[in-house]
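Structure first, then comments.
The values are calculated or read from the model by the stated rules, or taken from the named source; none is laboratory data. Owing to the predicted nature of the structure, the values given are computational and were not obtained by experimental measurement. Ideal geometry is used to build each Cβ from the backbone, glycine not excepted, and the neighbour counts take in all protein chains shown. For accessibility, only protein heavy atoms count, side chains too; no ligands or nucleic acids. Shrake-Rupley method; radii C 1.70, N 1.55, O 1.52, S 1.80 Å.
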Amino acid sequence: KPGTYLYPVPAVMVTCGPFSKPNIITLAWVGTVCSEPPMIGISIRPSRFSHGLIKQQLEFTVNVPSVDLVRVTDHCGVVSGRKVDKFAATGLTPLRGQATDTALIGECPLNIECKVTQIVPLGSHDLFLGQVVAVHADESLVNAQGELDLAKAELFAYSGARYWGLGNLLGVHGFSAKS
């Protein structure tokens, strides 16, 4: 029968709520939806605590974790922010954003601040479309040309209720067209 079998997907920690009382939700239904303007879509069930926080504040930050944060990422997806201060429970460091009042996670090598432009009810989830308003990357990930080198970030993905480290480079965009 039909199902959501498009895997792997990124596993990210999305921060929401005001900086004075931030929350973290782990999401895998996340993706780039537009280049100009740059936009990210995140899907959240309306019953989730973070759904209400994002709907009220109309901003969120996508924090992309490295493999050393896989346990913390999982933890933030299985406990509720209604009952647990996830920053306190995990020891993660909240940093002030540049363009939003949403916390960044200091331990994540990449943080993407977004402002919600639209909320689309889909069924079991609502899709929050967020325009990217600021990007923060660990300096060790930026090469001499000022380009982001995510291979150094040691990222992981979610696939079929499992977390997987990303493997070897297989090619670069356009390599198949070169002689």
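Numbers for the structure displayed
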| read-out | value |
| --- | --- |
| Spin-label model distance (nm) - T4 vs S20, 7 Å beyond Cα toward Cβ | 3.4 |
| For the chain, accessible area per residue (1.4 Å probe, heavy atoms of protein chains only), Å² | 58 |
| Label zone at D68, where the point sits 7 Å out along the Cα-to-Cβ direction: the stretch 78-92 residues whose backbone N lies under 17 Å | 90-92 |
| Sum of -39500 (n - 2.57) over DSSP H runs of 4+, divided by residues of the chain (222 nm, nearest 500) | -3500 deg cm²/dmol |
| Choice from P109, P121, P22 showing the highest fluctuation, given a GNM over the chain with Cα pairs closer than 10 Å | P121 |
| Share of carbon and sulfur in the accessible heavy-atom surface of the stretch 31-179 [1.4 Å probe, %] | 53 |
| Which label in [x] 12; [y] 9; [z] 16 gives the computed percent of Cα pairs over 30 Å apart | [z] |
| Under the Karplus curve 6.51 cos²θ - 1.76 cosθ + 1.60, θ = phi - 60°, whole-Hz ³J(HN,Hα) for the stretch 57-72, x wherever Gly or Pro sits | 8, 6, 7, 7, 10, 8, 10, 9, x, 8, 4, 5, 10, 5, 5, 5 |
| Sites excluded, trypsin sites (Lys or Arg not before Pro) in DSSP loops with at most 11 other C-beta within 10 Å, longest stretch of the chain | 84-177 |
| Label-point separation in nm, Q57 to E154, each point 7 Å along Cα→Cβ | 2.9 |
| Cα centroid separation - the stretch 1-58 against the stretch 103-120, whole Å | 9 |
